[in-house]
Structures are given as C-alpha cells and as structure tokens.
Amino acid sequence: MTWVGLGLLCYVIGSLPTAYLFTRYILGRDIREIGDFNSGAANVFRNVGSKSGIAVGAIDIAKGSLVIVLSKILVDDPGMVMMAGAAALAGHNFPAHLKFKGGRGAATAVGVLIASFPIIGLPIGVAGLLLLYFTRKAIYPLTMFLVAIPVLAYPVGYSSALAVYAVAIPLSVGLSHFFTTRVLNPGAEKIW
C-alpha cells in the first residue's frame, strides 16, 4: 500500500461523523449548531444524552484504534503507521463531507494512542475510565491520558520517533481545542 492510499483510507475512517450522525438521528438537528458547536462526544453527551455521548466517544476511540491496527497489518513501516493516525485525526477534525467542520479529535486521539502505545495506553486507559466513573467529568481522565502517554512513552522503551509522536498527537488535540474555542467560536469554552 502507498502512503497516499493508506492516508486516504485512514482519513475516510477518521471522518466517520459519529456525533453528527447520532444527533441527526435522535434530534433531527446538526450537532454543530448546538451547545459548544463541536461535533464531538462531550457536546453530544451534554446536549443529546449521556448514552449517546458515551456511544459516540466509544466509536471515536475505536476508529482511532482501528486505523493503527489496520495500518500495522497492511504495512511494515512505523512512519506510515504514525501517518495513518494523523490522517484519522485530520479526517475527524476536518471531514470533507461536512465542509471540513468536525470535532476536536480528543476521543479519536485516545484511540490512536492506545493502539500505538498499548503497553502504557491500556492501563492508563483503564485508570482513565475509573477516574471518569468517580468524577463524572471527561476532562480529568482525558487530561491524565494525554499527559501520561507522552511522559511515559520514551522511558518505557518506545523509540524516539514514537516518543515525539506521543507528544504530537495530544498537542494537535490541544491546538484544535484552542483554535475552535478561541478563534472560530469565542466563548464556547464557557459552556464547559
């Protein structure tokens, strides 16, 4: 498989607009016009329903993991696998079929990181679920996860390239969040 072919495949998988589809089906509305105007699991959770929000988050995590697992099966090139995760995030954040207005990529990034760093991703993910259960706030486990993976990636034995990737993926989520809440939708962060 070529870089372009794999990139397009993973972009398409990442661009599955779960938040948009759930909200359209349940409320008959566009999630990008509700709440904080974000096509993501947290906005669905707050404005459509908890079960829908959890389902959207789980599917978005699964699609992030799927592209990494699929890429590892299709190619034997760590660079291509890392590109696949980035392509899935790009698809989630900028889906062509929704005029490039998608989510911020947090749940998809979690899936990408779990599959890319399973030795640390799985236990940190379980700890995140426990934290979510006790706090009932997604921001705490998400922050823990997106900080712990980059901090631990290199010390537990992942390559330097993967360690940089472990920093780049959460950084892209942070930049996406900043851009959508401060530039495109000023005041949206106050809804949290």
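The values are calculated or read from the model by the stated rules, or taken from the named source; none is laboratory data. If you're wondering where the values come from, they're calculated on a predicted model, not measured in any experiment. Reconstructed Cβ throughout: ideal geometry from the backbone, glycine too, with neighbour counts over all protein chains shown. What goes into the accessible areas is simple: the full protein's heavy atoms, side chains included, and nothing from ligands, DNA or RNA. Shrake-Rupley method; radii C 1.70, N 1.55, O 1.52, S 1.80 Å.
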Which condition breaks for residue 36 when tested against (1) buried (at least 19 other Cβ atoms within 10 Å of the Cβ); (2) at pLDDT 95 or above? (2)
Only one residue in 29, 46 is on the phi < 0 side of the Ramachandran plot, of a type outside the set (Val, Ile, Thr) and part of a loop (DSSP other than H, G, I, E, B), so which one is that? 29
Please name all residue pairs, on different chains or six or more residues apart, with Cβ atoms under 6 Å, provided the first residue is in segment 68-93 and is among the hydrophobic types (A, V, I, L, M, F, W, C) and the second residue is assigned to a loop (DSSP other than H, G, I, E, B). 74/1; 75/1; 89/105
Find the helices (runs of 4 or more DSSP H) located wholly in segment 101-164 whose residues include 3 or more that are open to solvent by 80 Å² or more (accessible area, probe 1.4 Å) and within 25 Å of residue 44 (Cβ to Cβ), and list them. 118-135
Of the conditions (1) crowded, with 18+ Cβ neighbours inside 10 Å; (2) more than 15 Å from the chain's Cα centre (by Cα), residue 89 satisfies every one except a single condition; which number is it? (2)
Please go through segment 52-86 and give me each residue that is in a helix (DSSP H, G or I), within 28 Å of residue 160 (Cβ to Cβ) and of a type in the set (Val, Ile, Thr), ordered by number. 61, 67, 68, 69, 73, 81
Can residue 39 be described as in a helix (DSSP H, G or I) and among the polar types (S, T, N, Q)? no
